[in-house]
Each structure stands twice: as structure tokens, then as C-alpha cells.
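Quick note: the coordinates plus some simple rules give every number you see, no bench work behind them. What you see is a predicted model, and the numbers here were worked out from it, not measured in a lab. Cβ placement follows ideal geometry from the backbone for every residue including glycine, while neighbour counts extend to all protein chains displayed.
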Amino acid sequence: MNARARFINWGAAVLVLVLPFATHALLGQGWVRILDFALLYVLLALGLNIVVGYAGLLDLGYVAFFAVGAYCYALLASPQFELHWPLWALLPMGALLAACFGVLLGTPTLGLRGDYLAIVTLGFGEIIRIFLNNLNAPVNITNGPQGVNLIDPLHVGPWFLEQTYHVGGIEIPLVINVYFLFLAAVGLAIRLSQRLEGSRIGRAWAAIREDELAAASMGLNTRNLKLLAFAMGATFGGVSGGLFAGFQGFVSPESFTLQESVMILCMVVLGGMGNIAGVVLGAVLLSVLPEALRGLGGLQEFLFGKVWVDPSNLRLLVFGIALVLMMLLRPEGLLPARARQREFHESQ
Amino acid sequence: MSRSEASQGGALLEAVGVGKRFGGLRALHDVSLALGEGTITGLIGPNGAGKTTFFNVLTGIYKPDTGTVHFAGAPLPAGRPHAVAERGIARTFQNIRLFPNMTVLENVMVGRHVRTQAGVLGAVFKTAATRREEAAIAASARGLLDYVGIAGQAQRVAGTLSYGDQRRLEIARALATEPRLLALDEPAAGMNAAERMRLADLVRRVRDDGTAILLIEHDVKWVARLCDRITVLDYGERIAEGSPQEVLAHPKVIEAYLGRGAA
Amino acid sequence: MDIFLQQLVNGLTLGSIYALVALGYTMVYGIMELINFAHGDVVMVGAMVALTALQILTGWGLPSGIALAMAVALAMVVCMGLGLAIERVAYRPLRRAPKLAPLITAIGLSIVLQQLAALIWGRSYRSFPSVLPADSVSWHGVIITSIQALIIVLAALLMAALMLLVKRTALGRAMRATAQNPGVAQLMGVNTDRIIALTFVLGSALAAVAGVMVAAYYNVGNYTMGFMLGLKAFTAAVLGGIGNLPGAMLGGLLLGVVEAMGAGYIGDLTGGYFGSNYKDVFAFLVLIGVLVFHPNGLLGSRAREKV
């Protein structure tokens, strides 16, 4: 590692450690919460990146695994069934369950070509959501559209994250506790992604992405490897689902719509699929941008003395335009992977 | 590439009565072929004779409609290319199919996949065994690049290699799977005379190191000099089989190549 | 049997609309191998434009038949322009970009169209003026309303016209050539840029009509209405074999019927455990089932890889 890279790494490390405190002091609790969600999206985007970026499989129903993890946590740690499992059991459970669903979906469908697979995964995502929405009858399992409430708050061993702690005069409220829990999860996910990418398995995924038939002819069991990518991606989704449920305190089916899947895909592609730094950047950008655009109403008042355009519409409108512009300006993503960059520039 | 001296004779590959149709098109009909260890076998015939289709059957890409293929004494897993590679048949492609955006070295390392083990857990925890295996994979890949003569290009992106080097890389990648039979689909296509000669040397060396060779080629003279046996296909049927001299003197072969009346 | 026939009629009505929208997806895919994610929103714009035009025109006292025809024509013109603009802005600059880039611009445009529509027409549901007679014919207990009949007949006519255009005209031949191999088509003197733009225009015109149909059928229009409809239509296009025109028609009709049958029979089939709120699950399961056994859709040609 050269001096410049080392400097950047240290800078980034200091930044992510100081960021929540600075945000809390300058912008308030709400913005730290936005950062927490941004980290959750980073986790989801990293998971989808394994499927789309590494193995080259277009998945439009990724949110289903997020939902599985979230409901797993919600049902096993809430008054719904009077169960109160601990976090260390719930997260691996959610990850495992999500992986099982990944295999369940992948087994019959992974033989399909790209866009056919996309629509099948999309359908799967919708099926999961519809079941969550309707499994309150005849036996009430998911509590239907109302969702599950009063979910046990996140706690790590003896530390209950909803408490405010004081360390050396610095106040550490819930949102900052959660930030560091999520940050740890993201750190772990990045490490995992790096190791997978550089391994025998990661190389096999890259080969399948580049030329599936040639890969099979070299002895790669393409179906099993694709299933593995699906299952690995799903575990990330399952874990973030669990964290989401514990943080929110309630879950309902409307958090798991197709739009959510599409947004996570946008994060991966816009950031630069296959490249971890790009995916992280894409996730942070697309989860913070809509929140930052909430200020558009105030801006209008400031500039024109009156709110002319409904800020909630304007916010999404600007977001959509930004999405189009960013993609037009950098079609290979903001921080493309080495290989993708080559791919694009050679084809020009 | 050290393997015990291959025994002459004794069929390594035995295809009997292979037939394949695509809709109304009869691509292959009753084609049989046998080849022994330590041999170089040529598969020739005019364009559209069914040579590549036959290759695709042998390497598990197509399931034959009729007939059987035995490899090393057991039936070949039809229609499952990865299982065929695992059993010991590796191939190259007529229209080169490398992993174009991966490096030259990575391409060959992918070939080692089928003979190595490390799984997800090994990758995640980077165990000592995994690191050892990775090092061994890289080392043997480098060795193979050296073997085919492109060791200097290891870190280049595969898609940017010259045509001839891409063909060599495809051979190195195939050899990385430790095949007992190497199937080359028009390996000399697009090469000049000097390159062809060096390719012939490489093919002989691979054979001498214990891997049988089956190759498709258009240049009949080149094939005749290189091969021990030749099979000729025309319109999806086998029209001749034998030593190069026998085959090239066969009236049906002359007719197929030069047209009716020439014989 | 009555329920069956009734649901068949309802399904065919819905399926005709799906088919029209699915054609737009499949034409674009056939030429560019691209999922036009904004297509559903073009349908929505068509519906909303027609809705407003109808309100104004009937307000002037025009006879409802003429007002409806003019509203449909206006919606078609607006949508054709919109289709052209979408192709120019989101797709043409990205022809050589990595495959997923245009998917993201399409998603961005879909958001833009929805939000613009929300700004213009508001977020609430707008009712579609009832200009069509509420007549219906009853045959063996099966009721066919005039609007159902109109939708089915009009959709059939449009599809027939499209097939004639593609199969019989020079323009259609150029379209097919471009779909087969854009590079070669260009060498043969086909202006592929124009053909691609035209494909968007044609698909958008059909989408406009479908939009008016669906708004008139359910009597409402809303800025989000294109999303689910687009999704269903895309599913239909895949079901039939994407890139294949008759496939899109078959897929659309089939999906409509499957959904209607699902709504009618799921309760009975599952002993009352699952109700009609599972009809979408049923539709997607049929899709997955079909693709597992027919990986290229019902009529999709098997794309054999050149080895």
C-alpha cells in the first residue's frame, strides 16, 4: 500500500468515527438517523453486489431477503408470539433463513437467461410481500398490513442501545449507538466481500459473468456457483433485515415493495457494480440525497417567499433527474470496477 | 505436466453411432470415432460437415439424440459440460472464448478451479490451507503460461492479446484442468505458416506429456503431418477414417473436398 | 360454468389491455434488448391526458363519441412525442454503455414522469368521465358490458394493424432487419436510429390507447396507475417470449385470464384458506412455472448460442 492510499484509508476511518458526533451536534438527531439508514442500505447494496456485480445475475426482487430477515427478527422478538430471542441468535437465524429462500428461489430459475431471471426474481419479491400482507388469516402469523409492533429493541449483551450513555463527557444517544453497531456490520460485510472477490469462488463468479459457456466447459458447476452467489447475497439481506426490525421497533409489508428492490439496484449500478467502494458510495448517495432534498420546500420559501411546488413531489422529481443525469455522465458507474471500465472503454 | 507414460492403444474415447438433429436439420448421423491415449487425432471435413457439433456433443454442450459416448471406460455425462471437464476432457473454441476482461493469469487460474477445493468458509477466514492452495493455483498457472510460451503476458488483460496468443492462452486454460483429452477446435485458424509450425510443436509436446489430442482443422496438409489418425465428416456423416495417407487417398474424401467428378 | 365464462370475459378484457402494453415492451426489447422501465408511465400519461381532454371537450358540449375519439387521438399524439423524447434522452446516448446503465436511466425517467404527473394532476384519484353507455348484453348469464366489448374489439383491431405493418410493409421489414442484426441492417441502408425511434413511437401510441382503456374500464386515473400495469404487461411479454409480437399478445391475454380465474377460483381451490388477494401470487407462480419448462417463454424462439 502506498503512502497516498494509506492516507486516504486513515482519513476515511477518522471521518466515519467522527461523523455521527459532528452530525448530531450540527444537524441533530434526525440526521444521525438518516446516517443509520444509509449504513443499512450500504449493507443491502453490498449483498446485492455479490449477486449482480460479482456473478452478473440481475435480481429485481432482492428486497424479499431483507423482508425475510426483518420478519424473522420481528416474529421471534416481540409480543406477537411472546418470543424474545437474543440478537446473537436472531441475526444468524435471519441470515440462514434468507439464504434458504435464496436457494429455494434459485434452484428452479437459475438456468434462465438474464432478463428472464430478472422478472422471475421480481415476481418472487412480490409473492413474499403479498404473503406478508395476507398471512393474518386464517391463522394470524404476520399480522397482515398492520405489521408487527413492539419489537424488542437492539441490544448487544448487557448494552441496551436505546439508553443514552456518557463517555468522558460526550453524550452517546440511541442513534449513535446504532450507528456504531451498523458500522461494525458494514465493516464486516466489506471484509467479507473483499475476501470472496479475491478467492477461488470470486474468480469463478467473474468467469461465469464473462462467458458462462466457456466457464462451464472449464469444469465450473455454473448452477451451484450461481446458487451460492444468490445465497451469499441473501444472507446480507437477512442480516440487514434483522437490524432494521430491531431499530425501527415495527415492521410492515409496505417497507418491502418492488420500488425498494429497484432502489438498491440503482445504488449498485450507479455506484459502480463489482467495486466495493463504488457500491458504498452509491448506497450513501442515493439514501442521503432524497433526505437532503427535503429542504427544497424551505429553499423555495427562502428564494421566492412562498412554496410554489409541492416539496414532496419536487424532491422525487429532482431525484429522478439526478439519477438520469448521473447515469448519462458516467454510464459505467461513479467508481467502476477495473474490469468494467475496460469493458466500456474498449467497446467505444 | 508429469503424468505416467500413457499406454498406446486401448480406447480412451469411444463414440458410437452419434446422431444429432436441430429441427429439420440433420447435423450428425451415425458418427463413430475412437481414439487412444497418447495419440493425436484429426477431425476434418468441409464447412458445415458437423465437426463443431460433434465437438459439442463430446464436451457435453449438446446431448446426442442417438448413440453413446464412452470416456475412459465409463459413459460420458451427456449435456453437462462441467461434469465432462471434471472427467478429463478440456476444449478450446473455434471463435475464441476467453474471459476477456480478466487477466491472462486469472484466465488460467479459472481452469484450476475444477481440481481445487477452497470454498466460501476458506475464502472468508483465509485459512492457511486456502492460502496454500491459492499460491499453488497461481504457481501452476504461471507454469502453464510458460509452457505455452506467453509467460511474459501474465498480467495483461486477456482480450488485448494478439490473436495467436489468445489461442495459446485458451490451450493453457484448458490444460489447467488436467485433461486426459484435449479437444482443439480450429486452433490454427488465422495463423501464418511460422505460427502454425510452433503450434504443431506445442501440440506434439502436450501429447508427449501424456494428454491425447483431438483437433478440428481446415489445413489438410498441416493435419496430415501432425495427426496419427484422421476422421472425415461430410454432411454430418463419417465418410472416411484411417491414417493420413489412407484418408487423403480415399475417393470419397477427394470428392467431398474437390467436388464430384474430381475423383 | 357461469363463473368460468364470466371470468373468462373479464380476463380477456384485462388481457387485451395487457397485450397492448406488452407489445410496447416486446418491440423495444426485440430491437435493443432493453427493458423500457418507463413504458408503464407512458400508459399513465395517456390515460391522464385523455381524462383531462374528455372533461374539457364534453364541457364544450361535444357529443361523447366525438369527444372520446378526439381525447384518444390527443393522448396518442402526446405519448408518441413522449416516447420519442424518452428514447432520445435516456437510451440513445447509452447505446454502447454497459447493459444495466439504460435500465437505471429508465427508472429515473419513470420517477420523473410520475412526479410530473402528480404535480399536474394532483395525487388523488381522478374519476374518468362516463362517456360510454352503460349498456350490457347478457348471454347465458354472462354479462358483457359495452366497454368490455369495445376494449376487446379495438385491441384486436390495433394488434391486427400492427401485425400487418410489421409483416407486410417496407417499414416493418426494416424493423425486423434491425431486430435481427442492427449492424447488418445499417449496412443494407436501413436508418437504424430512425427505426429505433419509430419503435418507441409505435409502442407509445399503443400504450396511450391502453391507458385510456384501463382508465375507462375502472373509471379512475392516478399518477401511480402505470406502475402495476407496466409490471403486469412486462410479465406478459416475458410469458409469451420477449421480443416476439404474437408472444406478447398471447402472454397478455393469458395473464389476464389467469388473473381473473385466480380471483374467481383461489378461494374454492384452497378450501377458503386463501382469497382473491392472492391473485397476483397466482399470476407470478404461473409465470415461474412456464419459464421453468419453457425457458424462452411460450412462443420465444430458442436462441441457440453460437459455439
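Annotations for the structure displayed:
- Theoretical FRET efficiency, 1/(1+(r/R0)^6), r = Cβ-Cβ of A:Arg113 and C:Gln55, R0 51 Å, to 0.05: 0.65
- Once backbone amide H atoms are built at 1.01 Å from N, B:Asp209 has no partners under 5 Å, excluding neighbours fewer than 5 places away on the same chain.
- Shape category assigned to chain C from the gyration tensor of Cα positions, a/c cut at 1.5: oblate
- Length available on full extension from A:Ile141 to A:Glu301: 0.36 nm per residue minus the Cα-Cα distance, which gives 52.9 nm.
- Rounded to the nearest angstrom and listed largest first, the equivalent-ellipsoid semi-axes of segment C:205-305 from its Cα gyration tensor are 24, 22, 10.
- Look at the stretch B:33-42: the mean tally of other chain Cβ atoms within 10 Å of its residues' Cβ atoms is 0.
- Global form of the protein assembly as shown, assessed from the alpha-carbon gyration tensor, a/c cut-off 1.5: oblate
- Derived scalar couplings between HN and Hα for segment B:69-86 equal 10, 10, 10, 6, x, 10, x, 7, x, 5, x, 10, x, 5, 5, 5, 4, 5 Hz in order, rounded to whole Hz, by the Karplus curve 6.51 cos²θ - 1.76 cosθ + 1.60 (θ = phi - 60°), x for Gly and Pro.
- The label point for A:Glu254 and the one for A:Leu329, both projected 7 Å from the Cα toward the Cβ, are 3.4 nm apart.
- Signed unit charges on C-beta, dipole axis of segment C:60-203, positive-most listed residue C:Gly61, C:Met188, C:Leu103: C:Met188
- Label point distance in nm, A:Tyr165-A:Ile8, each placed 7 Å from Cα along Cα→Cβ: 3.3
- Pair B:Ala249, B:Asn95: separation of 7 Å Cα→Cβ label points (nm): 4.0
- Global form of chain B, assessed from the alpha-carbon gyration tensor, a/c cut-off 1.5: prolate
- Estimated FRET transfer efficiency (B:Tyr235, A:Leu104; beta-carbon r; R0 60 Å; 0.05): 0.80
- Among the residues of A:134-143, the average count of other protein chain beta-carbon atoms within 10 Å of the residue beta-carbon is 2.
- Ordering of A:323-335, C:145-157 by burial proxy (mean other Cβ atoms within 10 Å per residue, highest first): A:323-335, C:145-157
- Shielding by other protein chains, B:132-139, mean Cβ within 10 Å: 1
- Values of log10 I(q)/I(0) for segment C:46-203 across q = 0.13, 0.17 Å⁻¹ run -0.87, -1.16, by the Debye formula with one identical scatterer at each alpha carbon and no solvent.
- Residue with peak Gaussian network fluctuation, chain C [Cα springs, cutoff 10 Å], from C:Tyr125, C:Tyr217, C:Tyr91: C:Tyr125
- Cross-link pairs C:Lys232/C:Lys279; A:Lys226/B:Lys51; A:Lys226/C:Lys99; B:Lys63/C:Lys99 - those with Cα-Cα distance over 24 Å: A:Lys226/B:Lys51; B:Lys63/C:Lys99
- Convex hull (Cα only) mean projected area of chain A, reported in nm² to one decimal: 21.4
- Per-pair calculated FRET efficiency, R0 = 41 Å: A:Glu212 and C:Thr270 via Cβ, rounded to 0.05: 0.60
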